[in-house]
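Take a look at the structure set out below.
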Amino acid sequence: MRRPAPVIALSALALVLSACSGSTGGDGEGSGSSDPSGSAQAGGTLVYATGDAEPTCLDPHVGGNYPQALISTQYLEPLVGRDADGTITPWLATGWTVSEDGLTWDFTLAEGRTFTDGTPVDAAAVKANVEHLQDPDTGSSTGYLAVGKVSEVEVVDATTARFHLSAPDAALLESLSQQWTAIQSPAGIERGQDANCAAPIGTGPFVVEAWTPQQQVDLVRNEDYVRPDGTAEPAALEGITWRFLPDAATRYAALGSGQVNVIDNPQPDSIVASEGTDITHIDAPRPGSSNRIELNTAQAPFDDVAVREAFIRSANPEPGIETLFAGVTAPSYSPLASVEPTAYSDESLFGYDLDEAEALLDGAGWTERDADGYRTRDGERLTVRFPVSTNQSVAAEQSLFEQIQANTRQAGFEVVLEPMDLSAWYTALGENAYEAVSAPYTKVGPDVLRVLYHSDSTVPAPSGYFANHAQVKDPALDALLDAASASQDEAERADLYAQAQAIVLEGFYILPLYDQQNHFLTRGVEGVETLGTVSTPTFVDAALTQS
Amino acid sequence: MRGTARRLGVPGGVAAAVVALMLLAVVAPGVLAPGDPTAIDPAGAMQAPGWGVWFGTDESGRDVWTRVVHGASSSLGVGLAATAIGTGLALVLGFAAGLGPRWLDVGVARVVEVLYALPTMVLALLLVAVQGPGVAASVLAVGLATAPGYARILRARARTVAGSGYVAAARLEGRSGAWVLRRHVLPNSLWPLVAVVTLGIGQAVVWVAALSFIGLGAKPPSSEWGAMLNAGRLYLTTSWWLTVCPGLVITATAAALTVLGRRLGRVAS
């Protein structure tokens, strides 16, 4: 077991007790990003406490999950950025052009930019990064899929990188704006995977100084930092201590007692409790997919659409979302996040109807009931194995799953909830040992639908991860997603994506719950912003406040 | 029997009553709490203890009293099972070492010493790490981890009894080894163990609850007491009853079993 659990439990108690006695009063409004009780000061080290899993590698090219995106935002930068409206903005690339047929893209790089090891940020570096992502030995999944249509990067000259595509990719810029395709020093990559995982070398406002596993990563300021607009101006903070605190109660208590300045993944009741104190709440829902339960259609019982519909009709998550999340989020009826303009909803498919669920199961042959009240067919119990990643699902979400377990039991489902850590969870998915799973997937733009529901995505990426957990294989859906990906016409894309989402919803492949929750609570710091790409926080303009 | 009851005294009687109540919760939880421990009611979530909801409700609106009562079978049952494994193993090890040939005694003693060198909880964590979390794993883990302690007591008792005058006398009378074992060694070695085992059940309940508390034991929606403590911990500042109620029940169980064990020990001597 990787958790030094008794220590955590004891320290959690100690912290809770210290939080009770500590002062949490303040005159802040709990909104906006400034703290009126103090004044900003230059320097100092910010302490960030994350509840996400500790990455096994700090290079987001390897694998490619959200914890890696969170931390790498501080030291790696992408080719392009994206503002809150969804407009792609220059970053390491100052400009780009695309050919008529959509198969050739030229990216122009800023002159004179260097990585923190002195290596120039040039076209050769971009080429090396794409090749690194595509190299099976890297074991990439998220970045690998994002550059899947790039057949080759040609070095035209030092500042011009030409991307040759195998097929038009309307989502290319969005894909390249993510942390998982961020550009790092080719000299750093050359050191080999172990060295690069320990301390990737980028162009960001901070540099990885040391990594103490199971405890923290120390980041120090990049004194020569150049901003996306070309001005040289380092961050105000001297450094960031990135601590791993898996327990939500401990994190919140540490924030209240002033031991940390920023926490992620707070419990909804903590968010509500922090209102009206000097704690600031940042709500930055992730783009891409909504948070949903995927039903594995590759094996019984969910290979039968009637059984899937019965599960969804009997789940009734809404009352639980209302109470457990205390108004922090709203129910979703879409495969896409509400921040995606192309999101398509159909609430009518998800109404609670136990009688209908029972009738569907009777019709599907699950007619018998065993001694425990679960339905059976040919002596086989109607069991749904549901591995839950405790690193990704906050306690409120785990409670919601228990409620869904209780509700679907009325219809005769036996849901077996299996809480596990992230690595065990990946293993369970890889072994196909699940009937239901909640797997957050973040990607900028509606192209996430192709990653999640295209039949190609049932084939594992080099990391062994496949994103189509519902294992949807529908040629009509594939055709829509391919056409949307190739289309350069915004209106046509939106229409194709709407059709694709209708197929996903009407096939009862997923039970949407709400947006992928992405909340941050800050105290004693101002100027914390989240990026318009995958909603990770950046501390380039953050400053500690005197209180 | 009446003499035994008198010698338990008032504290012993109270302890015995608490244990009897716990056993009733294990055997027939419906008598104490007729409801369904997994029945949810989101609209009635987080109610403080009051009339009809003696221990309040949790974040899903489940009745905490019903869950605690129905959780007795997993918590106490698991404690009993773990102790049964521990004593079963100890019987074999202890008697083998105490009555067997010298080389066996030395061999068993070394094994017991090595196991003894590891704190019980560390040994249990190690076993759960190897086997993977779950109720069966924690039962086995706590059982194995407690065995060395019982084995030592048994070995010492068995040696004392075997070396006693009345055993020597019986042997001189020409009684068989089996007769001596049945008539003298077993009863005189085992009776003191009853008191220790009663103490041990309380300890095992706490250990199993501890394993569940850190997420290595019972799975949701089980209302095992340690798992309830863990789930309620997140709401400690707002809804104290989610941790205090199961916590008090664990304490009461362990205390009752300890008092009873002490009293039984005194009765035995």
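The values are calculated or read from the model by the stated rules, or taken from the named source; none is laboratory data. What you see is a predicted model; the values in this text were computed from it and never measured. All Cβ positions, even for glycine, are placed from backbone atoms using ideal geometry, and neighbour counts span all protein chains on display.
Residues that are closer than 20 Å to B:Gly88 by Cα, away from chain A (no Cβ under 14 Å) and of a type in the set (D, E, K, R) number at least 3 in the following helices (runs of 4 or more DSSP H) confined to the range B:125-220: B:135-162.
Quick one: A:Gly373 ticks every box in (1) within 11 Å of another protein chain (Cβ to nearest Cβ); (2) small (Gly, Ala, Ser); (3) touching a Pro at 6+ places or on another chain (Cβ under 9 Å) bar one, so which box is it? Failing condition for A:Gly373: (3). Once the range A:252-263 is narrowed to residues that are crowded, with 23+ Cβ neighbours inside 10 Å and either assigned to a loop (DSSP other than H, G, I, E, B) or among the charged types (D, E, K, R) (or both), the residue that is nearest to the other protein chains (Cβ to nearest Cβ) is A:Val260. Only a single criterion out of (1) exposed (fewer than 15 other Cβ atoms within 10 Å of the Cβ); (2) closer than 25 Å to B:Pro221 by Cα; (3) at pLDDT 85 or above is not satisfied by B:Val92, namely (2). Scanning the range B:236-269 for residues that are polar (S, T, N, Q), touching a helix residue (DSSP H, G or I) at 6+ places or on another chain (Cβ under 8 Å) and within 19 Å of B:Ala20 (Cβ to Cβ) gives B:Thr253, B:Thr258. Comparison of A:Ala273, A:Ala330 shows that the only residue that is at pLDDT below 95, surrounded by fewer than 17 Cβ atoms within 10 Å (Cβ to Cβ) and touching a Phe, Trp or Tyr at 6+ places or on another chain (Cβ under 9 Å) is A:Ala330.
What about A:Gly373, is it modelled with pLDDT under 95, over 23 Å from the mean Cα position of the chain (by Cα) and assigned to a loop (DSSP other than H, G, I, E, B)? Criteria met by A:Gly373. Looking at B:Ala218, B:Ala227, just one residue is buried (at least 23 other Cβ atoms within 10 Å of the Cβ) and either among the polar types (S, T, N, Q) or at pLDDT below 85 (or both), and that residue is B:Ala218. In the range B:239-246 there is no residue matching the filter, namely being under 23 Å from A:Val394 (Cβ atoms), at pLDDT below 85 and among the polar types (S, T, N, Q). Looking at this structure, is A:Arg375 surrounded by 23 or more Cβ atoms within 10 Å (Cβ to Cβ), more than 22 Å from B:Gly232 (Cβ to Cβ) and free of Cβ contacts under 8 Å to residues at least 60 places away in the same chain? Taking the combined requirement at face value, the residue satisfies it. When you scan the range A:105-123, do you find a residue that is outside any strand (DSSP E or B) and more than 21 Å from A:Gly230 (Cβ to Cβ), even just one? No, the range A:105-123 has no match at all. Yes or no: A:Ala171 modelled with pLDDT of 95 or more, closer than 16 Å to A:Thr104 by Cα and buried (at least 20 other Cβ atoms within 10 Å of the Cβ)? No: the conditions fail for A:Ala171.
Only one entry in A:Gly327, A:Gly288 is more than 30 Å from B:Thr237 (Cα to Cα) and within 23 Å of the chain's Cα centre (by Cα), namely A:Gly288.
Yes/no per residue for (1) among the polar types (S, T, N, Q); (2) under 21 Å from A:Val444 (Cα atoms); (3) modelled with pLDDT of 95 or more:
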{"residue": "A:Leu76", "(1), (2), (3)": "no, yes, yes"}
{"residue": "A:Ala93", "(1), (2), (3)": "no, yes, yes"}
{"residue": "A:Val121", "(1), (2), (3)": "no, no, yes"}
{"residue": "A:Lys127", "(1), (2), (3)": "no, no, yes"}
{"residue": "A:Leu145", "(1), (2), (3)": "no, yes, no"}
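Has the range A:342-349 got at least one residue that is without any contact (Cβ under 8 Å) to a residue 40 or more places away in the chain, within 14 Å of another protein chain (Cβ to nearest Cβ), surrounded by fewer than 19 Cβ atoms within 10 Å (Cβ to Cβ) and within 34 Å of the chain's Cα centre (by Cα)? No; the residues of the range A:342-349 include none that is without any contact (Cβ under 8 Å) to a residue 40 or more places away in the chain, within 14 Å of another protein chain (Cβ to nearest Cβ), surrounded by fewer than 19 Cβ atoms within 10 Å (Cβ to Cβ) and within 34 Å of the chain's Cα centre (by Cα).
Restricting to the range A:466-479, give me the number of residues that are surrounded by fewer than 21 Cβ atoms within 10 Å (Cβ to Cβ) and either outside the structural domain of A:Phe508 (by TED's automatic domain parsing) or modelled with pLDDT under 95 (or both). Looking only at that region, the number is 1. So, B:Val64, is that one more than 27 Å from B:Val180 (Cβ to Cβ) and touching a strand residue (DSSP E or B) at 6+ places or on another chain (Cβ under 8 Å) or not? Yes.
For the range A:455-479, a residue qualifies if it is assigned to a helix (DSSP H, G or I) and over 25 Å from A:Ile312 (Cα atoms), and the qualifying residues are A:Asp456, A:Ala479.
For the range B:238-253, the candidate set comprises residues that are farther than 20 Å from B:Gly200 by Cα, buried (at least 17 other Cβ atoms within 10 Å of the Cβ) and out of contact with any Leu (no Cβ under 6 Å at 6 or more places or on another chain); within that set, the residue that is nearest to the other protein chains (Cβ to nearest Cβ) is B:Ser239. One residue stands out among those in the range B:221-237 that are part of a loop (DSSP other than H, G, I, E, B) and either within 11 Å of chain A (Cβ to nearest Cβ) or of a type in the set (S, T, N, Q) (or both): the one that is farthest from the chain's Cα centre (by Cα), which is B:Thr237. Residues in the range B:173-192 that are among the basic types (Lys, Arg) and within 29 Å of the chain's Cα centre (by Cα): B:Arg182, B:Arg183. Here the helices (runs of 4 or more DSSP H) wholly within the range A:383-454 that include at least 2 residues being within 14 Å of chain B (Cβ to nearest Cβ) are A:395-411, A:422-430. When we screen A:Tyr434, A:Tyr453, A:Tyr497, A:Tyr426 for residues that are aromatic (Phe, Trp, Tyr), buried (at least 16 other Cβ atoms within 10 Å of the Cβ) and either farther than 30 Å from A:Val328 by Cβ or modelled with pLDDT under 95 (or both), the only hit is A:Tyr426.
Might you check whether a residue that is in a loop (DSSP other than H, G, I, E, B) and surrounded by fewer than 18 Cβ atoms within 10 Å (Cβ to Cβ) occurs anywhere in the range B:54-76? Yes: the range B:54-76 contains one or more residues that are in a loop (DSSP other than H, G, I, E, B) and surrounded by fewer than 18 Cβ atoms within 10 Å (Cβ to Cβ).
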